[in-house]
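First the structure, in the form of structure tokens, and then the observations on it.
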Amino acid sequence: MNRSGIFTRLALLAALILVPATAGAELAVYADRDAWEAAVPTALLVEDFQSDPPSTYTTPYTTHAGVRLTSLHDPLGIHIQAIFNMTRGLVYSDHGNQLCWSFPDLPANAFGFDYQTDGNDWELLVGETVVTLPAATAGFVGVIDDDRTWPGFVTTCDAGEQDGLSVDDLAVADIFFGENHVIGSASRWLSQVTPTVIEYFSCDAAGTYGPTYQTAAGLLLASFPPDQCTFHIVASWISSNALMHIEYGRELMWSFPGSGTGCSGFGFDYKTGDGGWVVSYGRFQVPLPANREGFVGFVTPGGADWWWVTVSAGSGGFLGVDNVRFRPGFTPARETTWGAVKALY
């Protein structure tokens, strides 16, 4: 396929993956923790509040595990204390002033927590979807979204008389799209993928490159639209060199080495500035938090597409990429040529 054909195909796919999920699409909602955990690949206990000293705090507040709590309007008082399950948890009242919970690392498409309501119905808000937590109930609520990821959720109640909502044992799953998983921890990703190629950018001379460039490890970088994007090899925030990208809404496409090969797993260290950066793999999108250093790794047992895309939301903020690790592998076998021909008749 010639280069113009490649860019045409990538442009069409990029247009598809940027179409947002249908507003108000229903989530799969679970009332049983065991059933929810059985439906996700890895359920991680993110926050049990055992490391937060019992006290009253005011939003904004970040828990010991890194869960960020903010309020929609005026600051809210939140209490870390013994709750219904006889362990330490969070209790608060909001009278319609929504409490916003932000996950500590990557966004997620599955999370859940134990709760106890007072004499009022409380609400869990995930985007435009509303899940009711019934009055005078102690239970579990978990959600799974097969279409998109979320950076957090909201809990709220607008009743005038409140004794509060109790929350404990917040669990967040690794992002998963079918058999493909996304992991925000380098050590856990490395426990599942053994990379055979690592691009440190240490063999790439510092400078400005574009619109196409092949790294020393064989990764092919190309911008879309063509001739519209430059990127820089600069001193890394980790060690030696890294790739720094400022694109103003354009796309930087990374192709794995080899023709017709795939990748059974890839990951990289990242550093973001302002703006909404997204890693797009196939039709799936994984946002990277702004102004954050971290790691994102993909586990793709069946063989990943042989290219992936980073997209900025047009803000002009930078994305730094270093230590790109991947394990080349063939994509699943396709139907034979003769079978494909017969399918036409």
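A few remarks follow.
- Extreme residue, farthest from the chain's Cα centre (by Cα), among residues of segment 113-137 that are within 21 Å of Ala43 (Cα to Cα) and of a type in the set (A, V, I, L, M): Val131
- Selection of segment 194-218 for residues being in contact with a Ser or Thr (Cβ under 8 Å, 6 or more places away or on another chain) and either of a type in the set (Ser, Thr, Tyr) or modelled with pLDDT under 90 (or both) yields Tyr200, Ser202, Thr208, Tyr209, Gly210, Pro211, Thr212.
- Residue match in segment 303-326 (condition: outside any strand (DSSP E or B), under 21 Å from Val234 (Cα atoms) and at pLDDT 85 or above): no
- Summed over segment 94-108, the residues that are modelled with pLDDT under 95 and in contact with a Phe, Trp or Tyr (Cβ under 7 Å, 6 or more places away or on another chain) give a count of 2.
- Conditions (1) modelled with pLDDT of 95 or more; (2) closer than 30 Å to Asn180 by Cα: number failed by Asn120: (2)
- Val91 vs. criteria in contact with a His (Cβ under 6 Å, 6 or more places away or on another chain) and outside any loop (DSSP other than H, G, I, E, B): yes
- Qualifying position, being assigned to a loop (DSSP other than H, G, I, E, B), surrounded by 19 or more Cβ atoms within 10 Å (Cβ to Cβ) and acidic (Asp, Glu), among Asp204, Asp168: Asp204
Condition check ((1) assigned by TED's automatic domain parsing to the domain that holds Asp146; (2) within 20 Å of Gly139 (Cα to Cα); (3) under 25 Å from the mean Cα position of the chain (by Cα)) across all residues:
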| position | (1), (2), (3) |
| --- | --- |
| Asp32 | yes, yes, yes |
| Ala39 | yes, yes, yes |
| Thr70 | yes, no, yes |
| His79 | yes, yes, no |
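- Residue check, Ser187 surrounded by fewer than 18 Cβ atoms within 10 Å (Cβ to Cβ), without any contact (Cβ under 8 Å) to a residue 40 or more places away in the chain and assigned to a loop (DSSP other than H, G, I, E, B): no
- Residue in segment 270-285 that is aliphatic (A, V, I, L, M), surrounded by 21 or more Cβ atoms within 10 Å (Cβ to Cβ), touching a strand residue (DSSP E or B) at 6+ places or on another chain (Cβ under 6 Å) and at pLDDT 80 or above present: yes
- Scanning segment 133-178 for residues that are aliphatic (A, V, I, L, M) and at positive phi returns a single hit, Ala136.
The values are calculated or read from the model by the stated rules, or taken from the named source; none is laboratory data. The structure displayed is predicted, hence computed values, not measured ones. Please note: Cβ atoms are built from the backbone with ideal geometry, for glycine as well, and neighbour counts cover all protein chains shown.
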